[in-house]
1. First measure r as the distance between the Cβ atoms of LYS190 and ASP139, then evaluate 1/(1 + (r/R0)^6) with R0 = 22 Å and state the FRET efficiency to the nearest 0.05.
2. Would you work out the Kirkwood radius for the chain? I mean one over the mean of 1/r across all pairs of different Cα atoms, in Å.
3. Quick one: Cα convex hull volume of the range 158-201, Å³ per residue?
4. For VAL94 and LYS34, what is the calculated FRET efficiency with R₀ set at 35 Å and r taken between the beta-carbons, to the nearest 0.05?
5. Taking the Cα-to-Cβ direction at LYS174 and at THR122 and moving 7 Å from each Cα, how far apart do the two end points lie in nm?
6. For LYS196, give me every one of the lysines with a C-alpha distance below 23 angstrom, ignoring sequence neighbours fewer than eight places off in its own chain.
7. Size of the dipole of the chain about the Cα centre, Lys and Arg at +1 and Asp and Glu at -1 on the beta carbon, nothing else charged, in debye to 20?
8. Before anything else, pin down the relative contact order of the chain: Cα pairs under 8 Å, at least 6 apart, normalised by residue count, whole percent.
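All of the numbers you see were taken from the coordinates with simple rules; none came from a lab. Note that the structure is predicted; figures quoted are calculated from it, not measured. No Cβ is skipped: glycine too gets one built from the backbone with ideal geometry, and neighbour counts run over all protein chains shown.
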Amino acid sequence: MAQSENKNVMYSALEVAKLCGVVNQTAINWIKNKHLKAFNTPGGQFRVYPADLVEFMRARNIQIPSELQAACGCAGYSPNSLLIVDDDRGLNTVVAKYMEMHIQSLSVFQAFDGFEAGSIMTERLPGIIILDLNLPGIDGFGLCKRIHDSEKFGKPAIIVITALESEEIDEKVKELGVQCFMKKPLDLAKLSDVVKNLVEK
């Protein structure tokens, strides 16, 4: 990832460790093993740009503190937010209201086609997506692939919902990084439990 627009902000290995909730040696190991992009100062100290740290944390589903979000200009990212993508407006609204009622800390967004979903994902960076596969515009498989192949959406957790009948679908979506696959008609209580578990993680 390109470095942060704020080139004056950089983090030491110790600061990285604190932001990620790990010990200092773990952060140093991430850098030495080239999992986390960093550079050396003339004095031999590691420094990490905010944007590179955010990319690393998103890829590993580590919650991003607000100070780091602000430092890299990604303050809109919220791990405790849910995007529901389904062109069935009635079902979409029922699911949204159920989630808002049963998970108080959750921010809920709605999209009714793939294009609208892509726009909201870019602007809001939701932490969890409930996605119907059979969508107008960009279909659910295409959307899963875009999310899986790109860092710009923050690697959200995906719950696929579908009325499609195929033994291959489950395996196909798992290859695209989907965390959960549920068949319609939906069991809202079960769906809510899955979302709660993802929020807690």
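1. Working: r = 25 Å, r/R0 = 1.12.
So, using R0 = 22 Å, E works out to roughly 0.35.
2. Working: mean 1/r = 0.0555 Å⁻¹.
One decimal place: 18.0 Å for the Kirkwood radius.
3. Values: hull volume 2.6 nm³, N = 44.
About 59 Å³ per residue, rounded to a whole number.
4. Numbers: r = 47 Å, r/R0 = 1.33.
With R0 = 35 Å, the Cβ-Cβ based efficiency is 0.15.
5. Placing both labels 7 Å beyond Cα along the Cβ direction yields 3.3 nm.
6. LYS97, LYS155, LYS174, LYS183, LYS184
7. On the way: 22 positive and 25 negative charges, 193 e Å.
The dipole magnitude comes to about 920 debye.
8. Details: 314 pairs, mean separation 32.5, N = 201.
Reported relative contact order: 16 percent.
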